[in-house]
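Taking it in order: structure first as C-alpha cells, then the write-up.
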Amino acid sequence: MEDLVRELAVDKHARYIVSVEKRKDDFESVVMEHLRMSGAYWGLTTLDILGKLDMVDPDEVISWVMSCQHESGGFAGNIGHDPHILYTLSAVQVLALFNKLDVLDIDKVSNYVAGLQNEDGSFSGDMWGEIDTRFSYIALNCLSLLHRLDKINVEKAVKYIVSCKNVDGGFGCTPGAESHAGQIFCCIAALAITGSLHHVDKDLLGWWLCERQVKSGGLNGRPEKLPDVCYSWWVLSSLIMIDRVHWIDKKKLIKFILDCQDKENGGISDRPDDAVDVFHTYFGVAGLSLLEFPGLKPIDPAYALPVDVVNRIFFGR
Amino acid sequence: MTTQSSYSDQKGLNLLQELEYILDSDPLIDEVGFIHPSQFVALDHNGDDDLLQSEGGIESSRRLQANFSETGKLRFWCRDHKLGISTEVLFPLYNAAKHLFMDVIRQYKILRNVYGEKDNMESDVMKHSRALLLLSCDFGTAWNSRKMVLSKEQDLSRFMDELHFSALVLSYSPKSEQAWSQRRWVIRMLAERCPNLQDIVEKESDLVRKITERYKMNYRAWNHRGWLVSYMTISQVLNELNKSRHWASLHVADNSCFHYRRRLLLKIFSSKEGPSPVPNCTAILYQVWKEELDWDEMLIRRYMGREALWLHRRFLSLFWIKHIAIELHGVLSHLEDNTAQNNDLAYFLDNEFQLLENCSNIPDSDFEDGKAQAELSASHFSWLCKQCAKSLPTEIQEKLKTRDLKTLLHKMCPDKSFLWDDLGFDEPSANCIGPVDEN
Ligand SMILES: [Zn+2]
C-alpha cells in the first residue's frame, strides 16, 4: 500500500493543473477557451481531491465564474459566450467546491435549467434545441444541488431517460442511439439522483460494463475501442452506482491509470505515453478516488463532486 | 509592448482578410486541413506532377492559389477546392477571427430587434463565424450566431449553403459535435417547409458514409445517420440495409455500423403497427432478420474474435426468440401450431449451440484470436440463455439446463469469475478463488 501511494505524483499533478490555467500563448490553449468553465471544474475538482484546493484564490475564481453568467440565468463557457446547460452545471459545481452557492440567484439559475425541459421530459442543451441524455443528467444534478427539483417534471424526465435504454442494457444519447459508457454514466447518475435505479437491469448493464475492461486493465467506452483513462470514471462510477464494481479487476485498473501519468511534468493522459491534458488528469484522479486510492478525498459517483461537498449541501455539514 | 501587440494584431487581420478572400472566391471548397510548413513542399511537388500530367494544366494553375507572406513563407494553399492552412499562422489568425467575430456578434445582438438595415452586419456575422469555425470547430457561440441569422432570413438556399459549410468543418474535424448538431438543426428547419426529405436523407447518409470511410468508429457520425432513420420510408430502410452491408463486412470491428443496422431492423419491426402499417411487413421482417443472422454467422466464422460481431448476434438472437419466433408465430402462415413454434425455437437454439461448439474448440487456442473467439462464444451463449430463459417454453428451458455452461465459462474467461458466480453460473466444483481486490 505504501508503495502504491508513492506511485501517484500528487504535487506534480497539482502544479500542472495550476500552470495550464495560466497558459494563453499558443493555439492549443486558446482554441479551448469556449469551454473554459468545464476546464475550471475539471481542474479545481482534481485539486480538491488531491487536497490542494488552497493553491488557487477563491475570490478570483468566483468573480470570473459570475462574469460568465448570462441575463437568462444560464452560464457560458467563458466571458461573452452564449449560455449552455453544460457550463451552467460546471459553474454551480465550481461554486459548490468553494462553498459559495449563496452568491447565486438560485431561482434565476434554476429557472433557466427548468426552462430547457421539453414536453416529452427530455432536456435541450440551450435555446437551439439539441436534445441529449447528457443534458437530462446535467439538469437533474444541477437542480438537485440547488434544491430546486420541484421546478421540473421529474417523472417525465425519468421516463425519457428510460426510453433511451437499449437491448444490451446500456443507454445512448437519444432513444435508439448506440450505448456509450459516457451516456450510460449520465443516465445512471440521473436515475440515482432521482431514486429511480429500479428501472435498470443491473445484471444486464453490469455485464456490458465489465466487458469494457481490456487485457491491459484499462477500460474502453464502447466495444472494440482502445482503453482510455476517462472511461475509468464513466464505467467505474456506473458500476459503483449499480453495485457491480466487483465484476472488474480493480488492481489492474489502478495500475493502468498510474501508467498514464507524466511523472516528470505532471498530468495524466488517455493512454500510456500520450500527451497529458486537464480532462484526463481529472478523470484519472477521480477514477483513483473511486477505487479508494489512499490519500485522496472520496468522490461521489453521481454528483461528480467530493463527498464532503455533497454532504455539506444535503446535510449541512 | 503596445507596438508589438498591435503589430501582431495587424498581422492577424491581414491573414484573416486573405483567408476570407480565398473562401469568397471559391465557394466550392469542400475540404480544409491544417498543414505544417514542411508539408507544403510535398504538396507543391505533387502539384507540379499534376500540372504536367493533366491536360488542363493552364486551367489548374490558374485555380491554384498559393499565398506567401512578406518573408516568402507559404500560409495558405488552395487547389481543386481543397484548402490548406499553415499551422504557423493558426494562432494570430484565430485571435483576429475571434476578436472580429465577438465584436460583430455583440453589436448584432443589441441591434437585431431594432428597426433598420442590418444586411452588412449579418454578412459580417456569417463571414467571421465561418473563419472562426474553420479554426475552432466547437465554438458554440459562432454556430449559434449563424442559426440566429439563418432563422431570420428563412431562405431555402441559405439553409442548403449551411449544410455545405458544416460538411466543410467536418472535413477537418469529423467528430465535431457542434457541426453535426448544426446539420440536424438545419434539417429540422427544412422539414418544417418541405415534408419530403427523401433527397436530403439520402445525401446525409452518403456524407456519413464518406466521413466514416476516412475516420473509423466515429460515434457522432453514426449517431447522425441513425437519427435519419426516423425520416426514412421502408423502402429507404431496406435500401440502407443493403448499402451498408458491404461496408460493415469490411469493418467488422466497427460496432457503430452494426448498431446502425440494428436501428434499421427495429424500424421495420415498428412499421408493422401504428396508424399506417406497411403491408407485408411481418414477412419482410422474418426474411430480413433471418438473412442478418446468417450473414452475421458467416462473418463470425470468417473473422475470429471480433466483439462487435458477437454483440450483434446477442441482439439478433434475443430479438428473434422473443419477438419473431414466439410473438409473431401464428401471424406467419407456415408456423401454425405450438409444435411448429417449439421446433423452430429448438432448431434455432441448436444452431446457436453448434456455433458455440465450433468456436470454443479451436485447436490452436494459444493463438490470440482463437482465444478471444472462444471467450466471446461462451459469453454469447450464456448471455442469451440468461436473457431469454423466462420467455422459453418449459421443455426447451429443461433442454438448455443440460448444457454445461458453468465449466466452459470458468475455463474460457476466468477473469470474470465473480460475474459468473453472481449470475448463477458458479463453478460446480468451485476451487477456492480468492477475492480480486482487498485494498
Ligand atoms: Zn478519453
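The numbers here are math on the coordinates, done by the rules we state, and not lab data. Note that the coordinates shown come from a computational prediction; the quantities given were computed from them, not determined experimentally. All Cβ positions, even for glycine, are placed from backbone atoms using ideal geometry, and neighbour counts span all protein chains on display.
A few comments on the model shown:
- Relative contact order (%) - region A:17-106, alpha-carbon pairs under 8 angstrom, separation at least six: 30
- Overall, the anisotropy analysis places chain A in the oblate class: the square-rooted eigenvalues a ≥ b ≥ c of its C-alpha gyration tensor yield a/c not less than 1.5, with a/b not exceeding b/c.
- Dividing the helix sum by the residues of chain A, where each DSSP H run of 4 or more adds -39500 (n - 2.57), gives a mean residue ellipticity at 222 nm of -15000 deg cm²/dmol.
- Extending 7 Å from the Cα toward the beta-carbon at both B:Glu213 and B:Ser391 defines two label points whose distance is 3.8 nm.
- Whole-Hz Karplus values for region B:22-35 come out as 4, 5, 5, 7, 10, x, 8, 4, 10, 8, 9, x, 8, 10 Hz, taken residue by residue from phi with 6.51 cos²θ - 1.76 cosθ + 1.60 and θ = phi - 60°; glycine and proline positions read x.
- Set against the 2.2 N^0.38 Å expectation for a compact globular protein, the protein assembly as shown has a Cα radius of gyration ratio of 1.02.
- Restricting the calculation to alpha carbons of region A:44-197 gives Rg and Dmax of 15.9, 48 angstrom.
- Rough spin-label spacing in nm, given labels placed 7 Å along Cα→Cβ, for A:Met127 and A:Asn265: 4.1
- Spread of Cα-to-Cα distances over 10 Å intervals beginning at zero, given as percent, for region B:84-191: 14, 46, 33, 7, 0
- Across region B:194-350, Cα-Cα pairs farther apart than 22 Å form 46% of the total.
- Stretching A:Glu292 away from A:Glu28 to a fully extended chain increases their span by 91.7 nm, per 0.36 nm per residue minus the current alpha-carbon distance.
- Partners of B:Lys411 within straight-line reach, counting lysines whose Cα lies under 19 Å from its Cα and excluding those fewer than 8 residues away in the same chain: A:Lys215, B:Lys371, B:Lys386, B:Lys401.
- The peptide list B:106-119, B:280-293, put in order of mean Cβ contacts within 10 Å with the highest first, becomes B:280-293, B:106-119.
- Cα shape, region A:1-49, gyration tensor, a/c 1.5 rule: prolate
- In sequence order, region B:212-223 has phi-based couplings of 6, 4, 8, 10, 6, 6, 9, 4, 5, 5, 5, 5 Hz under the Karplus curve 6.51 cos²θ - 1.76 cosθ + 1.60, θ = phi - 60°, and Gly or Pro positions carry x.
- Amide H contacts under 5 Å for B:Phe34, placed H, 5+ residues apart: B:Ile85
- Cα pair count fraction exceeding 20 Å, expressed as % - region A:190-294: 37
- Net charge of the neighbourhood of A:Ala286, taken over other residues with C-beta under 15 Å away and scored Lys/Arg +1, Asp/Glu -1, is -4.
- Computed from label points 7 Å out along Cα-Cβ, the spacing between B:Ser38 and B:Asp9 is 3.6 nm.
- Size of electric dipole in the protein assembly as shown: Cβ of Lys, Arg +1 and of Asp, Glu -1, about Cα centre, debye, nearest 20: 960
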